[in-house]
């Protein structure tokens, strides 16, 4: 047993190094039904105006504003999808339904509630304003207008826009394919009865959920073999169709840790230890053809916190997202936060509203094995190394996981 | 053509009515791999302590604190999954790797960096404190402790906790099954060339994304037939295996609107119009066996805003979530917000950080057809009806869709 040969890298420097080596994945075409959450790889430009024609916003009568106060002859009806091919001349009106095309000649729509109908005649109010109750062609988008630039993440409204423009498929960035492996002689499958000194492989399921939430497609490799040759075979095989390898466990310096030597033999290890609590043994390597390898520590909280700090931003970069980090908000600390020694600490907190402020409460013991410190946490507060800590009552920046 | 027979219901009253009629769906069992985002339908209680045994947090030597400063004989090694079955007597030490069980007799772990090793002997520092560098059994969870109550939404940490406790499957609430249909004679499939007065059916794809984001399983019914009998057959068939029907379009009062009469014949229409902008024609009905029907307006923004205000909270209640609404934060209005007439308006805004504050900027024209007003929006600001509006510079509550 020896002390680690890897220098302790500052957490922020390690995070920057990871992103520096992270590629943006190429484009693929997806149908609108599969576009949610994906990121545009091309600008979307309006090929035509929206709305394409003047459309009524209400049920009523399409008239000329100049005919205010008059009783008009109704010449027909324009319903959505059933336009009236006659025009509205002075002294006439057309019945119109919501979404119906406003006929040529008419310049305003009167709501049915504001009219008096008598057979084929309709009497309209004494004051009318042109352009009322209708959507003008091109009012929402002009032909040729940039609708969404490349890098836009697609949600319901963005997908709706593409659909409204008649675009059934979009060019988006590929999602990262990640091979996920747990390592450790102590691990048994969840549901099996652990023997002496054994524990269930919980990191696999926690990281699977975290990876999918971050947009990755995951291939589960299970618990890695404890022999270097078999491990190498499994990993090189899996890397054929993966953009990244994520492992948990096996990156401490003990004699049975096989991950670091494997990554050293397959590529370049850029980070082997970080000044981070939890997560000191975090390892990052680049492998052939731009593939990345993340060796996360085995303790459950350490693996999820290093995932947040290093892996999630990289997965977001791969998918073409511009905003790589969690959003942050200023919060007031409801407790004294203290880092240990020379390591940056990500303290897990819950938030509650107090007037305009968000008050952060510690989730309790921040032990690297205690998942209860992350369960229900709303945010991570970065506590810089040093003896001083951050006093209760201070306002600090918090990385928001979810809002209360 | 007639004015609607339905009274205009206050938006908040309509939202309360919807939730009052919304059932919580029954439980089902899912594997951990499929548990992400789901909501516990049972309390999760720790069947055993976590950690189950005293585990080393570092690589080093397990010793007795009372042996501080001494040179100790190394009696063996305890690695993760390979516990040492000897005990640590006074004057002895055990090599220990991260995650390894601390042998009986030892009460502290010394990091390898802090030791001097010479053959089978190790010299430890002059000051040692019992309990250092190890995780005590039960320190994270005691056997019998409530880990997560029913109603907890499962994320990576929560799934990791269940896995660490050896629980491979969880009882969660069913996800709502939703049948989604667009109506309107003006609609063509996205990708087809619209004829005169026609437009692509964009709501289907926007609502599909919104429904899935909210946790629903969606069955697409496409564009509904324009004849009452065929429509009725399609809907009653789809309702056999759906918890809710969501339609867009066809709820205005025009002669060709078939959705309201259909819902009237199939169940009870509780809401037929709301004082909401956009979204006045929103319709809500209960059908047989607790099924719900949401008739959303056809204009794209109207359908997505009424989805946010009425449908999403209902889908969250169905899934067993406790927090039904979007989280809200106080933001400062960067513009004067004005509602029209007697209808509550949901104004779409983007947010930007300025010191501790979030400043809300309008997304521009709030026309019910203009999806650009929702694309990229971070929040919805509720503007109460009335002539006064809300002055620029006011601090208001905003429903957060995403953070900048």
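The values are calculated or read from the model by the stated rules, or taken from the named source; none is laboratory data. Computed from a predicted structure; not experimentally measured. With ideal geometry, Cβ positions are generated from the backbone for all residues, glycine too; neighbour counts draw on all protein chains shown.
Listing for the model above:
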{"read-out": "Within region A:218-233, considering residues that are part of a strand (DSSP E or B) and either within 13 Å of chain B (Cβ to nearest Cβ) or without any contact (Cβ under 8 Å) to a residue 40 or more places away in the chain (or both), the one surrounded by the most Cβ atoms within 10 Å (Cβ to Cβ)", "value": "A:218"}
{"read-out": "Residue within region A:284-296 that is more than 27 Å from the chain's Cα centre (by Cα) and more than 11 Å from every other protein chain (Cβ to nearest Cβ) present", "value": "yes"}
{"read-out": "Identity of the residue in region B:166-187, under 19 Å from residue B:242 (Cα atoms), assigned to a loop (DSSP other than H, G, I, E, B) and touching a helix residue (DSSP H, G or I) at 6+ places or on another chain (Cβ under 7 Å), that ends up nearest to the other protein chains (Cβ to nearest Cβ)", "value": "B:183"}
{"read-out": "Selected residue [crowded, with 23+ Cβ neighbours inside 10 Å and modelled with pLDDT of 95 or more] from A:109, A:58", "value": "A:109"}
{"read-out": "Neighbours by Cβ (under 6 Å, 6+ apart or cross-chain): first from region A:167-195, free of Cβ contacts under 8 Å to residues at least 12 places away in the same chain; second part of a loop (DSSP other than H, G, I, E, B)", "value": "A:191/B:168"}
{"read-out": "Residue list for region B:7-16, restricted to those being closer than 12 Å to residue B:269 by Cα and in contact with a helix residue (DSSP H, G or I) (Cβ under 9 Å, 6 or more places away or on another chain)", "value": "B:14"}
{"read-out": "Residue B:50, sole failed condition from (1) modelled with pLDDT of 95 or more; (2) closer than 28 Å to residue B:148 by Cβ; (3) touching a helix residue (DSSP H, G or I) at 6+ places or on another chain (Cβ under 7 Å)", "value": "(1)"}
{"read-out": "Lone qualifier among A:356, A:349 - being modelled with pLDDT of 95 or more and farther than 25 Å from residue B:98 by Cβ", "value": "A:349"}
{"read-out": "3 or more residues more than 13 Å from every other protein chain (Cβ to nearest Cβ): qualifying strands (runs of 3 or more DSSP E) within region B:68-155", "value": "B:71-78"}
{"read-out": "Qualifying residue in region A:378-394 (condition: closer than 28 Å to residue B:44 by Cβ, away from chain B (no Cβ under 11 Å) and modelled with pLDDT under 95)", "value": "no"}
{"read-out": "Verdict on residue A:365 being in a loop (DSSP other than H, G, I, E, B) and surrounded by 19 or more Cβ atoms within 10 Å (Cβ to Cβ)", "value": "no"}
{"read-out": "Unmet requirement for residue A:238, which otherwise passes all of (1) over 30 Å from residue A:320 (Cα atoms); (2) surrounded by fewer than 22 Cβ atoms within 10 Å (Cβ to Cβ)", "value": "(1)"}
{"read-out": "Candidates A:382, A:352, A:348 - the one that is surrounded by fewer than 18 Cβ atoms within 10 Å (Cβ to Cβ) and part of a strand (DSSP E or B)", "value": "A:352"}
{"read-out": "Flag for residue A:212 being part of a helix (DSSP H, G or I), at the interface with chain B (Cβ under 8 Å from one of its Cβ atoms), surrounded by 22 or more Cβ atoms within 10 Å (Cβ to Cβ) and at pLDDT 95 or above", "value": "no"}
{"read-out": "Count of residues meeting criterion [more than 23 Å from residue A:69 (Cα to Cα) and either in contact with a helix residue (DSSP H, G or I) (Cβ under 8 Å, 6 or more places away or on another chain) or at pLDDT 95 or above (or both)] in region A:119-141", "value": "2"}
{"read-out": "Pairs, first more than 8 Å from chain A (Cβ to nearest Cβ) and at positive phi in region B:353-376, second outside any strand (DSSP E or B) and crowded, with 18+ Cβ neighbours inside 10 Å, C-beta under 8 Å, six or more apart", "value": "B:364/B:370; B:364/B:372; B:364/B:373"}
{"read-out": "Residue match in region A:312-322 (condition: at pLDDT 95 or above, away from chain B (no Cβ under 14 Å) and on the phi > 0 side of the Ramachandran plot)", "value": "yes"}
{"read-out": "Unmet criterion (only one of (1) crowded, with 19+ Cβ neighbours inside 10 Å; (2) under 23 Å from the mean Cα position of the chain (by Cα)) for residue B:324", "value": "(1)"}
{"read-out": "Residues of region B:171-197 that turn out to be within 18 Å of residue A:209 (Cα to Cα) and buried (at least 24 other Cβ atoms within 10 Å of the Cβ), as a count", "value": "1"}
{"read-out": "Test: residue in region B:34-55 that is over 20 Å from residue B:159 (Cβ atoms), within 8 Å of chain A (Cβ to nearest Cβ), crowded, with 23+ Cβ neighbours inside 10 Å and free of Cβ contacts under 8 Å to residues at least 24 places away in the same chain", "value": "no"}
{"read-out": "Conditions (1) touching a residue at least 24 places away in the same chain (Cβ under 8 Å); (2) closer than 30 Å to residue A:354 by Cβ; number of the one not met by residue A:323", "value": "(1)"}
{"read-out": "Criterion (modelled with pLDDT of 95 or more, over 29 Å from residue B:170 (Cβ atoms) and in the same structural domain as residue A:44 (by TED's automatic domain parsing)) met by exactly one of A:160, A:155", "value": "A:160"}
{"read-out": "Enumeration of residues in region B:188-201 that are within 7 Å of chain A (Cβ to nearest Cβ), closer than 20 Å to residue B:258 by Cβ and part of a strand (DSSP E or B)", "value": "B:199"}
